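Only the coordinates and a few stated rules stand behind these numbers; no lab work does. Since the structure is predicted, the reported quantities are computational estimates derived from the model, not experimental observations. Cβ placement follows ideal geometry from the backbone for every residue including glycine, while neighbour counts extend to all protein chains displayed.
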């Protein structure tokens, strides 16, 4: 007479082959790892430079976008101060305007020494005035701004005048691809690419005393 089989024992009996198969699979994986030799190291050496290049490009692009967004906001805020006649005596010079108005609105971490500012104003009537003063001689593009704060224009203008504020930021370049493309310039001894923000506006008819810039 056959003895009844314990259900639990039957369950364990069915599971044993699964455990054996898993053990065999682990053994095959270990043997494959041992027999592959230096293949993994070679594959890593081939892929790693490409991975690092992509990583550097992501960092470079992110830095450029970050600086552009920061400069755009600072330019808008600075132009509003000029437009409303809300400048203080600290902005009576170009350097003062850059330090106390533009750079004061920069996001923390960006250097004010990398900022170049050009502020032009004009009336719409009279010889040599109007928006033609903001373009080059043959009217094929905007007038070139020297990336040197000692050579840029700075004029806040009177009430009712039209202003054109341009702010540039020298973004450090460490990407080999950006350097190879040739769009990189030297600024204060470093390789940089300039991001630019610009605002055109008309001064409000403010009655408060505005700073004198000698323009």
Looking at region 40-202 only, what percent of DSSP beta bridges run antiparallel? Nearest 5 please. 95
If you take the square roots of the eigenvalues of the alpha-carbon gyration tensor of region 95-180 and sort them as a ≥ b ≥ c, do you get rounded (a/c under 1.5), prolate (a/b over b/c) or oblate? oblate
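Between residue 148 and residue 188, 0.36 nm times their residue separation minus their Cα-Cα distance comes to what? Could the numbers behind the result be given before it?
On the way: separation 40, 0.36 × 40 = 14.40 nm, distance 0.99 nm.
Stretched out fully, the residue 148 to residue 188 stretch lengthens by 13.4 nm.
Sort the following peptides by mean Cβ neighbour count (other Cβ atoms within 10 Å, averaged over residues), highest first: 101-108, 137-144. Could you put the intermediate results ahead of the total?
Values: 101-108: 16.9, 137-144: 8.6.
Top of the packing list down: 101-108, 137-144.
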Taking neighbour counts of Cβ atoms within 10 Å as a proxy for exposure, in what order, fewest first, do 147, 123 appear? 123, 147
Shape of region 66-215 from its Cα gyration tensor (a ≥ b ≥ c, root eigenvalues): rounded if a/c is under 1.5, otherwise prolate when a/b > b/c, or oblate? oblate
